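I have a structure here, written as structure tokens, and I will follow up with some questions on it.
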Amino acid sequence: MKLSNNTVMRRPIKEVLNKMSKKNTRKVSPVAQAAVEHYVNLSEHVNLLEASADVVDARKRAQATLLKQAFPTQRDEDWQYTKLVNFVQKRFEMPSLNAVTHVDLNSIQNFLPPLLPDFEVIKLVFVDGLFCTDLSDDLSCLPKGIFIQRTHERLQKTNDLDVGDVLHSDDVLGNEPFVGLNQALLQDGFEVSVAPNHSIETPLLVVNVQTQANQISNVTNQVQVAENAELTLIQQFVAFEGVEACTNVVTNIEVAASARVRQVVLQQQANEGFYFHTQFVSQADNSDFNTFYAGMGSVLSRHQNHLLMDGDHIENSQNSACLASQKQVVDSRTDTEHNHVWGASRQLHKYVLADSAVGVFNGMIKVDRQAQKTDGQMDNKNLLLSNTAKMNAKPQLEIYADDVKCSHGSATGQINHDQIFYLQARGIPRNQAIEMITKAFLMEPVETINRPEVRHWVGDVLSNALLSGGYFSRGMS
């Protein structure tokens, strides 16, 4: 891409790095510092192609935060069990802004169909973090009441007054390093808005495909559902087999008064990849938000929800089903804030871990002093299929109101041998017995998905992942 005529040439990148790196207040290893400087360098190169002063400034703020905070280590409480050593040793590059070639297009067209649902959807496809028109539905033929555009289109506008919707404050950037990295390398994503009193019956499917190794995709999404409107959103993350790449996503969701949002996130990337997804959700009076996350791929994955219940009589449900084997690390987190009366939140998170896999769950329910009549329930259950798999769980409650009903719990264990014996005594082979028990355990959170066609599809995806991953043929001795 050529520089636009109104692009202002900025200070040399090396000079910027030297000045900003002096502000680093944390002691970091040379490898980690080199990783941060590598991504700041990439961010500066992207800025040279960017016309919007607001976006350039936002990237620079993110650069400053990255250089000051660096990437977290195990000394940071929120990252104690999620090691970033392998990530910081990589030097992922940015994808080219060029269109997908016909050769690549044919490969993707052959790769995607078996992975996609068989029911009707509105389909958006991003290839290596960039929107692909050829693989997506025609955005000029959408149902009445829904508007979709690329984040890239907004970012190209000079001094767009609305660009702040997709950006975050310095406080957020400091607390969430991968949000900072996302903003520093911000290029594309999708923006969806649903008009008041419109129910979009057809689910919106957004597919992110990683096709090239050693690349980092930074996608920023904005979802706004107006008063008394409804939307079903499915986000699917896949990759070509063996592709070692990184997907870094930020999704902002605003649910207006009496609106309803149903979300499903499927993480099916190659086992060599990295996945980071941070969601910020805000709800208004009488709204309902239901989200389900299935984590199956990536050598290291971290999915987290920050949910703000900013109104009365709000309901929400956050659930997940995660699979991991070999040396995978799967991390799922929720942070739920009850700030007003009569709020109800439900959570159920289940993990199945085999071999030397590591699972991490961290959930927090905060109840403000004004949030009387709160009903918050959080449950985490984990099944270990080997003696070397590990689970680290930390459900938490922080309550300042006195008229509430809240509970949290976590349980981890292996399959009871009596259960296996019971099934074997009735002529069921051992591996099939383990399969029946494991599926029954994992499918409970799937039942929280409201739409039957989506629920059945997700159940099949998880069942196939269990079968193809060999979870039933190893682990229990």
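Across segment 66-81, which residue is modelled with the highest pLDDT among those that are more than 15 Å from V31 (Cβ to Cβ) and polar (S, T, N, Q)?
Across segment 66-81, the extreme among qualifying residues is Q80.
Can you name the residue in segment 124-161 that is among the charged types (D, E, K, R), open to solvent by 40 Å² or more (accessible area, probe 1.4 Å) and within 23 Å of S96 (Cα to Cα) and, of all such residues, is modelled with the lowest pLDDT?
Among them, the one singled out is K157.
Give the residue, chosen from Q33, Q63, that is modelled with pLDDT of 80 or more, under 24 Å from the mean Cα position of the chain (by Cα) and closer than 20 Å to I216 by Cα.
Q63
Residues are listed down the side, and each one gets a yes or a no for (1) touching a Cys at 6+ places or on another chain (Cβ under 8 Å); (2) hydroxyl-bearing (S, T, Y):
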| residue | (1), (2) |
| --- | --- |
| Q377 | yes, no |
| K394 | no, no |
| S410 | no, yes |
| M436 | no, no |
| T448 | no, yes |
| E453 | no, no |
| W457 | no, no |
| A465 | no, no |
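May I ask you to say which residue of F71, F119, F87 is of a type outside the set (A, V, I, L, M), assigned to a loop (DSSP other than H, G, I, E, B), on the phi < 0 side of the Ramachandran plot and within 21 Å of the chain's Cα centre (by Cα)?
F71
Which condition breaks for T291 when tested against (1) under 14 Å from the mean Cα position of the chain (by Cα); (2) β-branched (V, I, T); (3) within 29 Å of V88 (Cα to Cα)?
(3)
Residues that are of a type in the set (A, V, I, L, M, F, W, C) and surrounded by fewer than 18 Cβ atoms within 10 Å (Cβ to Cβ): does segment 378-398 have at least one?
Checking segment 378-398: at least one residue is of a type in the set (A, V, I, L, M, F, W, C) and surrounded by fewer than 18 Cβ atoms within 10 Å (Cβ to Cβ).
Before we move on, is Q396 touching a Lys or Arg at 6+ places or on another chain (Cβ under 7 Å) and part of a strand (DSSP E or B)?
no
Yes or no: E453 acidic (D, E), within 15 Å of V352 (Cβ to Cβ) and either modelled with pLDDT of 90 or more or surrounded by fewer than 17 Cβ atoms within 10 Å (Cβ to Cβ) (or both)?
no
The values are calculated or read from the model by the stated rules, or taken from the named source; none is laboratory data. This is a predicted model, so every value here is computed, not measured. For neighbour counting, all protein chains shown are included, and Cβ atoms are generated from backbone atoms with ideal geometry for every residue, glycine included. Each accessible area value is taken on the protein alone, full model and side chains, heavy atoms only, with ligands, DNA and RNA left out. Shrake-Rupley method; radii C 1.70, N 1.55, O 1.52, S 1.80 Å.
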